[in-house]
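Reviewing the structure listed below.
The values are calculated or read from the model by the stated rules, or taken from the named source; none is laboratory data. Predicted, not measured: the structure shown is a model, and the values here were computed from it. Cβ coordinates were reconstructed from backbone atoms using ideal geometry, including for glycine residues, and neighbour counts include every protein chain displayed. Areas reflect the complete protein model, heavy atoms only, side chains present, ligands, DNA and RNA absent. Shrake-Rupley method; radii C 1.70, N 1.55, O 1.52, S 1.80 Å.
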Amino acid sequence: MKTSLERKRERAGLYFVLPSMTIFTVFVFIPLIIAFIFSFFKFDMMFQNFQFQKLGNYAKLAGDKKFWNALFNTVYYTAFTVPVQIGLALVTAVAVKRKGWLNGFFKSVYFIPAICSMTIVSILWSFLVNPDIGMFCYWAKLLGFNPINVLSSPTWAMPTVILVSVWKNFGFNMVILLAGLNGIDESYYEAANIDGATGFQKFRGITIPMLMPTLSFTVVNCIIGSFQVFDQVYIMTKGGPLFKTQTLVQLIYSMAFDSFNMGYASTIAVALFIITFIISVFTFKHMTKGEEDLG
């Protein structure tokens, strides 16, 4: 039987969790259920002309070339953004963890882009890479190169968006990984030094295994954010050129507010949720399994 103190602690815990659970329920769980229900209907943005489609929207989705193109672009964006962003964040976190009078300055510099609005960052980079007034293109001309409009190039538009995303977000992941690094007991490294381990051996045998819980969270969080990419694509390329940068979230936006097909937009949103959920769970289980094997 629980004591009075234990019941008070449980109630205190519930009070702390209640605000977060309320926000999650109102803004995530309920909209998810509504989107799933709406995915079986066809209606406009004024919630008029409801037509029950049964599985018609999902059948349309399976043969929709725009959906598969947007899915490919989203996976392409994620496949490059996540490894580069996490790798750069990890290397930077290890570097700035070392004691030094400039490390505090570098921590701030690397983190500043993370607190800026993605809209402002996207507008800024759009000016920087502009072939007529951009600073980068001006420097390229001084060096004898003939700059191109990368945001209008089917080849370079997506890599440019990826570059902007990595530059904007890697500082946030660096801070999380730095917190994980600071939680590793220094005695492990001292023992490794006594055994004559090299820096790479300590990184592979101590840092990575001990950092795996934090690293797993960071990777999964980065994957979810990458599948939800919208701001930088919408501001910099509008999904072009030739739909080469159109992502799933932008396709949802286009179907809902350009084509006024809210039901089909809800269907794409449900598909995006399922795809993101499966990939995130698979990644987390795989990394957790690796953590257990290393442990």
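With a cut-off of 17 Å on the backbone N, the residues of the range 168-189 near the modelled label site 7 Å out from Val91 along Cα-Cβ are 168-175, 177-178. Take the Cα of Ser152, step 7 Å toward its Cβ, do the same at Ile275, and the gap between the two points is 2.9 nm. Quick one: which of Lys42/Lys65; Lys107/Lys238; Lys97/Lys202 span more than 21 angstrom between C-alpha atoms? The answer is Lys107/Lys238.
With a 1.4 Å probe and all protein chains left in place, how much of the accessible area of the range 1-61 comes from carbon and sulfur atoms, in whole percent?
On the way: 3770 of 5170 Å².
That share works out to 73 percent.
The residues of the range 62-291 have, on average, 53 Å² of accessible surface per residue, using a 1.4 Å probe with all protein chains present. For the range 55-62, putting each phi into the Karplus relation 6.51 cos²θ - 1.76 cosθ + 1.60 with θ = phi - 60° gives couplings of 9, x, 5, 6, 5, 5, 4, 4 Hz, in residue order, rounded to whole numbers and with x for Gly and Pro. Oblate is the label for the range 1-148, because the ratio a/c of its alpha-carbon gyration tensor axes (a ≥ b ≥ c) is 1.5 or higher and a/b is not greater than b/c.
Show me the trypsin sites (Lys or Arg not before Pro) within the range 193-272 that DSSP assigns to loop and that have at most 15 other Cβ atoms within 10 Å of their Cβ.
Numbers: sites: Lys202, Arg204, Lys238, Lys244; in loops: Lys238, Lys244.
Counting only loop positions with at most 15 other Cβ atoms within 10 Å, the trypsin sites (Lys or Arg not before Pro) in the range 193-272 are Lys238.
For the range 15-25, the Karplus equation 6.51 cos²θ - 1.76 cosθ + 1.60, evaluated at θ = phi - 60°, returns couplings of 5, 6, 7, 3, x, 5, 5, 5, 4, 4, 5 Hz by residue, with Gly and Pro reported as x. Near the amide H of Ser153, within less than 5 Å, lie no amide hydrogens of residues on another chain or at least 5 residues away, with H placed in the peptide plane. With contacts taken as Cα pairs under 8 Å and at least 6 residues apart, the chain reaches a relative contact order of 29 percent. Modelled spin labels at Val28 and Phe72, positioned 7 Å past Cα toward Cβ, are 3.3 nm from each other.
Debye-formula intensities of the range 107-192, expressed as log10 I(q)/I(0) at q = 0.20, 0.26 Å⁻¹, are -0.95, -1.20 (one equal scatterer per alpha-carbon, no solvent). Projected onto planes of every orientation and averaged, the convex hull of the alpha-carbon atoms in the range 189-295 covers 9.3 nm². Overall, the range 31-163 carries a charge dipole of about 380 debye about its Cα centre when +1 sits on the Cβ of Lys and Arg and -1 on the Cβ of Asp and Glu, all other atoms neutral. Between the residues Leu178, Ser266, Thr78, the greatest Cα displacement towards the positive end of the dipole of the range 62-291, with unit charges on the Cβ of Lys, Arg, Asp and Glu, is found for Thr78.
Using only alpha carbon positions, build the gyration tensor of the chain, then give the equivalent ellipsoid semi-axes as the square roots of 5 times its eigenvalues, largest first, whole angstrom.
Numbers: eigenvalues 281, 206, 62 Å².
Over the Cα atoms of the chain, the semi-axes work out to 37, 32, 18 Å.
Karplus-derived 3J(HN,Hα) values for the range 254-259, using 6.51 cos²θ - 1.76 cosθ + 1.60 with θ = phi - 60°, are 5, 5, 7, 10, 9, 8 Hz; glycine and proline are entered as x.
Of the solvent-accessible surface of the range 62-291, computed with a 1.4 Å probe over protein heavy atoms with every protein chain present, carbon and sulfur atoms account for 69 percent.
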